[in-house]
1. Return the FRET efficiency for the residue pair M238, E218: r is the Cβ-Cβ distance, R0 is 22 Å, and the value is rounded to the nearest 0.05.
2. Give me I177, I46 sorted ascending by neighbouring Cβ count inside 10 Å, so fewest comes first.
3. Name the most mobile residue of V30, V133, V50, meaning the one with the largest mean-square fluctuation, in a Gaussian network model of the chain with Cα contacts below 10 Å.
4. State the extension gain, in nm to one decimal, for the chain segment bounded by Q87 and R70, taking 0.36 nm per residue of separation less the distance between their alpha-carbons.
5. Points 7 angstrom from Cα along the Cβ direction at K79 and T199: gap in nanometres?
6. Quickly rank 70-78, 214-222, 100-108, 87-95 as a protection proxy: mean count of other C-beta atoms within 10 Å, highest first.
7. Grab the Cα-Cα distance for R179 and E57, subtract it from 0.36 nm times how many residues apart they are, and report the gain in nm with one decimal.
8. Report the Stokes-Einstein translational diffusion coefficient (µm² s⁻¹, integer) for the chain, Rh taken as the Kirkwood radius over Cα pairs, at 4 °C with viscosity 1.567 mPa s.
Amino acid sequence: MKNHGGHDTTGSGKDENQASVDWVFGRNAVRSVIGEAPDRCLKAVIGDHVSGRALSEMEKMFREAGVSWRKAPRDELDKLSGGRSHQGFALRISPISLYSDEWLLNKVRQDTGPLLVVLLDHVQDPANVGAIVRSSEVFGALAVVFPFRRAALPAASVMKSSAGAAARIPLVGVTNIPRFMSALKKEAVWLVGLDHNATDELEKLDIPERMGLVTGSEDAGLSRLGSRECDFLGRIPMRGRTGSLNAAAAAAIGMYEWVRRNPL
């Protein structure tokens, strides 16, 4: 199993500004992890002071392993490493192995019965991601799909908030969520997006047996491209004045609706 990536020049996620047990620092340490566990490698940072053979060798290794990377000033790496020696290299890793998009598409092709895939359209709060992973495992989802960019990655905080469920359900990393949604539809998976502005209530939709449930980010909801790829958009009716549920609560309700329509 190996994740996919490329040369990422868009900047960092919001959780990259502090030292963490989810980071590996130093040229040799980074090389070792990529060589031994490429499926745990999420993304890398290279100091803009690194050049020559060291730079070209590491970029080649990242490219072949499918690990995205970006350049950063030396002082950012100093801060990220908490003062530890980094030699201009840092690698973000997952505490668990990740599954590839090809693996999930193959599983979907092989499974002819009812199935549920949960897709996170840039959910950024690790607590929400962990709670969604936990609900996905409880309700029998085949996998949880998340993007490598602009989203909370499956780090230790996600593992903790999932109450260990992250180790019991496949987590799939993809480069582009809308593109993967399109690939799922080609495998006869119907996509239902949760949108509190949708015209139809979720319970009134014809929930498909083979469903991809799409949950948007906490602040903006579904992305424009993600919303466009959905076959159905449904809202959860609410009587209070809060305005909307958080991503984890909404996703759990959507999963329950699928289970209710597809009993064992």
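1. 0.85
2. I46, I177
3. Taking springs between Cα atoms under 10 Å, the residue moving most is V50.
4. Length difference between fully extended and current span is 4.6 nm.
5. The modelled label-to-label distance comes out at 4.8 nm.
6. 87-95, 214-222, 100-108, 70-78
7. That pair, R179 and E57, stretches by 40.9 nm at full extension.
8. The estimated diffusion coefficient comes to 68 µm²/s.
Taken together, the values in this text are just the output of simple stated rules run on the coordinates, not laboratory data. The structure displayed is predicted, hence computed values, not measured ones. Reconstructed Cβ throughout: ideal geometry from the backbone, glycine too, with neighbour counts over all protein chains shown.
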